[in-house]
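Read through the structure below, which is laid out as structure tokens, and then see the notes.
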Amino acid sequence: MGITKNRIKNFINSNSWRKVNIHSALWKKIASGESTVQLSSWSASGMERPSFDYASKQEYTSCSIGKEFGPSWSTHWLKVKVQLPENFEGEEVIFQIDFNCEGMIWTKKGEPVQGLTGGGSSRRIEYLLTKKAGKREKFDFFVEIGCNGLFGNGDGIIEAPVEDRRFRLSLAEVGVKRKQAWDLYYDMMILSSIADELGTETPRGVQAVSVANEVVNKFDADNAETSIEKCLELTKAYFSSKPGEGTHKITAIGNCHIDTAWLWPYDETKRKVARSFSSQLAHMEKFPEFRFAASQAQQFEWLEQNYKGLFDRVIGRVKTGQFIPIGATWVEMDCNVPSGEAMVRQFLLGQRYFAEKMGVVSKVFWLPDTFGYAAQLPQIVKQSRAEYFFTQKLSWNNINKFPHTTFNWVGLDGTSVLTHMAPADTYTGQATVNELVRSVRQHKDLSSHNSNLYLYGDGDGGGGPQTDMIERLRRVANTDGMPITKHGDPTDFYDEVAKTAKSLPNWH
């Protein structure tokens, strides 16, 4: 069985087998070079972060693949001109660019439309040019480049910044995806993971290995489209088996935890917010079921001040229920050093902003990334019109393991607040089978309620969910052997727990 599992992994991995495995079929067409993509650049002086209006009017000089941008924290702009090849007519076309740091795509009219992150494991380099290309259609737009990664400019995740980091432009091309091949790729990722997590001791684990192996047998790189159709019939049949009534239920919520102050300047936080939120708005266009939550009123205010058009688009999605302001406070604050008065002001200013600007009052105090909890918080939470509490780091203690997943936290004055910590033990989940299975196995209060909250998306430095994460959740949402997983509003999850949970423990 181990040999078969490795064979399946070789089918989906980008390795020495990529010319004959599924990667050989993912793209129908790719075009690059100056006849297709023309680039010119302009560099801001010093550490300035100029506006689009200023940057777009400067003198640009021609550049190409291999150009390096730097030093650390500097800003550069690209002017991009694309002319599609004739055989792209009628196709959905993707523009890909990788300069190995962070950036933003802007339209000619000055609208920020897509955040970018180059290099690394959190790579986000695609931008939808058009859903249906015209004959030799042309596109003009700008790309803002910020010379830092998701985690600043250190050599490691938590390191002092290197002052003179350089970032190389390594990719600029257009392409047409073979959608059925991508569907099969995502299907096979899930089947391989189910085989690993459920194992050969369970029927669904054995079936996953069998189906995935049969897909590898049927796939023909030289006859991709026909063979992929047959392969998809196999995977569709596997995922069509539904779970039973007593199956554990997961409420999934996309998020992109952004530290307001950590490994980068405040001005970079402002750009991280815009990059992250613009990317998630694009997901909402493509995936109607997708839900995304964001906290910290301060970050919304920065968006309103610096990216008014983008802020208005966020408000539009707040009204549809896809973009969920949450948290109740001005920032996700420290709870060890500040006084009770300081924490009261966090809630007062946060709730006021959400109410005035978005027409909502958050019922959930959202604080996944704090290192301590003041005992007067339950009282303050309730008096701020919030009712529930979400946190995570308490579950990471490797000395004193906290005994509960869901419980009533009772404060100094006897006020209690319903509290939940995601049993997947992360607020930056990657939408993997392992994390979803772990959400059930590590749930410490299943006797009280058979559900949990699951947070996923690149975070700390922002970013949020990637396309492949949402695609993976689609496949495991309602299939036998896996928990039932559905995007939802965290408030609805808490409301249901409050209404139906049996004998939740109290923690003083």
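The values are calculated or read from the model by the stated rules, or taken from the named source; none is laboratory data. Just so we're clear, the structure is a prediction, and the values are computed from it rather than from any experiment. We place every Cβ from the backbone using ideal geometry, glycine too, and count neighbours over all the protein chains shown.
Among the residues of the range 415-433, the one identified as within 21 Å of residue 460 (Cα to Cα), more than 16 Å from the chain's Cα centre (by Cα) and either in contact (Cβ under 8 Å) with a residue 40 or more places away in the chain or not assigned by TED's automatic domain parsing to the domain that holds residue 485 (or both) is 420. Residues in the range 216-267 that are among the β-branched types (Val, Ile, Thr) and surrounded by 20 or more Cβ atoms within 10 Å (Cβ to Cβ): 228, 235, 250, 251, 253, 258. Just one of the numbered conditions (1) out of contact with any Gly (no Cβ under 6 Å at 6 or more places or on another chain); (2) under 18 Å from residue 114 (Cα atoms) is not true of residue 272: (1).
Say we look at the range 41-87 and pick out the residues that are among the hydrophobic types (A, V, I, L, M, F, W, C) and out of contact with any strand residue (DSSP E or B) (no Cβ under 7 Å at 6 or more places or on another chain); which of these is modelled with the lowest pLDDT? Explain how you work it out, then say what you get.
The initial filter retains those residues of the range 41-87 that are among the hydrophobic types (A, V, I, L, M, F, W, C), namely 42, 44, 47, 52, 55, 63, 65, 69, 73, 77-78, 80, 82, 84.
Add one more test, that the residue is out of contact with any strand residue (DSSP E or B) (no Cβ under 7 Å at 6 or more places or on another chain), and what stays is 47, 73.
Numbers: 47: 94, 73: 98.
Once the filter is applied, the top-ranked residue is 47.
Look at the range 9-31: where a residue is over 13 Å from residue 185 (Cβ atoms) and touching a residue at least 24 places away in the same chain (Cβ under 8 Å) and a partner is buried (at least 16 other Cβ atoms within 10 Å of the Cβ) and of a type in the set (D, E, K, R), sitting 6+ places away or on another chain with Cβ atoms under 9 Å, you get 28/91; 28/177; 28/178; 29/91; 30/173; 31/173. The strands (runs of 3 or more DSSP E) located wholly in the range 71-182 that include 3 or more residues which are in contact with a Lys or Arg (Cβ under 9 Å, 6 or more places away or on another chain) occupy 75-83, 93-98, 102-107, 112-117, 138-146, 171-177.
So that you can scan it fast, the table gives a plain yes or no per residue for (1) crowded, with 17+ Cβ neighbours inside 10 Å; (2) closer than 30 Å to residue 308 by Cβ; (3) at pLDDT below 95:
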{"residue": "327", "(1), (2), (3)": "yes, yes, no"}
{"residue": "392", "(1), (2), (3)": "yes, no, no"}
{"residue": "398", "(1), (2), (3)": "no, no, yes"}
{"residue": "417", "(1), (2), (3)": "yes, no, no"}
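Count of the range 429-442 residues, restricted to those that are part of a loop (DSSP other than H, G, I, E, B) and crowded, with 21+ Cβ neighbours inside 10 Å, is 1.
Can you find even one residue in the range 193-202 that is part of a helix (DSSP H, G or I) and touching a Leu at 6+ places or on another chain (Cβ under 6 Å)? Break it down into steps so the answer makes sense when it comes.
Within the range 193-202, the subset part of a helix (DSSP H, G or I) is 193-198.
Among the residues that remain, those that are also touching a Leu at 6+ places or on another chain (Cβ under 6 Å) are: none.
No, that holds for no residue.
For the range 379-421, name all the residues that are hydroxyl-bearing (Ser, Thr, Tyr) and part of a loop (DSSP other than H, G, I, E, B). Give the derivation first.
Initially, the range 379-421 is screened for residues hydroxyl-bearing (Ser, Thr, Tyr), giving 384, 388, 391, 395, 405-406, 415-416, 419.
384, 391, 405, 415 - these are the residues of the range 379-421 that are hydroxyl-bearing (Ser, Thr, Tyr) and part of a loop (DSSP other than H, G, I, E, B).
Criterion first (out of contact with any Pro (no Cβ under 6 Å at 6 or more places or on another chain) and assigned to a helix (DSSP H, G or I)) does residue 216 satisfy it? Yes: the conditions hold for residue 216. Within the range 197-212, if we keep just the residues that are surrounded by fewer than 17 Cβ atoms within 10 Å (Cβ to Cβ) and under 14 Å from residue 5 (Cα atoms), the residue that is modelled with the lowest pLDDT turns out to be 200.
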